[in-house]
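Remarks on the structure that follows.
Readers should treat all values here as calculations from the given coordinates under stated rules, not as data from a laboratory. None of these values were measured; they are calculated from a predicted model. FYI the Cβ positions are ideal-geometry reconstructions off the backbone, even for glycines, and counts take in every protein chain you see.
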Amino acid sequence: MASAVIPHFAEKVYQNFVVDGKRQSVSMEDLPRLRTDLIDPDLEKLVSLAKEIAEAGLNARAKANIKLRWPILTAHLFIGNGEVRERLTRVTELLKSLLNVKEVKFYGMSEFEKFSELKVQPNRGAIGRDFKRLSPKVLRYIEETKT
């Protein structure tokens, strides 16, 4: 297969290292047969999903200004589907490598509340436009009743 990309090098390797059943040129050899029994479609889907997760993780790292060369202790992944979450354990090592993390933990979406904080801020422009001179009092009231 290398003869199509690097023909001179492939020919040299073929002539010097192939001993048994050698043809006149590497280009005259048959291409290897496709072994469909070795293809695992489920694993291919998992690797594709792992790539999507890694892309999201790398975007999060970029947003937090954490370079990929700096390892992170733990990646917390929130996956809604329990079956998918269970199947992703097959590619945990791949995820660790792609994200450069020491540990990957999977959670359901119901556990997301433990890791997040809801932050509500008033739209000062809209309040000022609607309430004019009363807007400082309205903002103060909102700030006091936030909790």
For this session: Could you line up 42, 37 from fewest to most neighbouring Cβ atoms inside 10 Å?
Result: 37, 42
Seminar exercise, completed: Among 95, 47, 65, the residue whose Cα sits farthest towards the positive end of the charge dipole of region 40-115 (+1 at Cβ of Lys and Arg, -1 at Cβ of Asp and Glu, taken about the Cα centre) is 65
Exercise. Got a sec to turn the phi values of region 114-123 into Karplus ³J(HN,Hα) couplings, 6.51 cos²θ - 1.76 cosθ + 1.60 with θ = phi - 60°, whole Hz, x for Gly and Pro?
Worked result: 5, 9, 10, 9, 7, 10, 10, 10, x, 7
Seminar exercise, completed: HN-Hα couplings for region 130-136 via Karplus (6.51, -1.76, 1.60; θ = phi - 60°), in whole Hz with x for Gly/Pro, come out as 7, 10, 6, 5, 7, 4, x
Seminar exercise, completed: Toy charge model, Lys and Arg Cβ at +1, Asp and Glu Cβ at -1: region 34-113 dipole around Cα centroid in debye, rounded to 20, equals 500
Seminar exercise, completed: Here the averaged projected area of the chain, based on the convex hull of its alpha-carbon atoms and given in nm², is 17.4
Problem set entry | the chain, relative contact order [Cα under 8 Å, separation at least 6], % | 17
Exercise. What dipole magnitude, in Debye to the nearest 20, does the chain give about its Cα centre under +1 on Lys/Arg Cβ and -1 on Asp/Glu Cβ?
Worked result: 1160
Exercise. Taking the Cα centre of each part, how many Å lie between region 2-20 and region 78-130?
Worked result: 50
For this session: Compare 66, 53, 127 in a GNM of the chain, Cα atoms joined below 10 Å, and give the one with the largest fluctuation.
Result: 127
Exercise. Can you give the calculated 222 nm mean residue ellipticity of the chain, where each DSSP H run of n ≥ 4 adds -39,500 (n - 2.57) and the sum is split over every residue, rounded to the nearest 500 deg cm²/dmol?
Worked result: -13500 deg cm²/dmol
Seminar exercise, completed: Calc'd 3J(HN,Hα), region 66-83, phi into Karplus 6.51 cos²θ - 1.76 cosθ + 1.60 (θ = phi - 60°), Hz, glycine/Pro = x, comes to 10, 5, 5, 5, 8, x, 10, 5, 9, 10, 9, 10, 10, 10, x, 7, x, 5
For this session: Would you look at the GNM of the chain, springs on alpha carbons closer than 10 Å, and say which of 105, 45, 137 moves the most?
Result: 137
Problem set entry | P(r) of region 40-115 over all Cα-Cα pairs, binned every 10 Å from zero, in whole percent | 18, 52, 27, 2
For this session: Sort 106-114, 83-91 for me by packing, meaning the mean count of neighbouring Cβ atoms within 10 Å per residue, highest on top.
Result: 83-91, 106-114
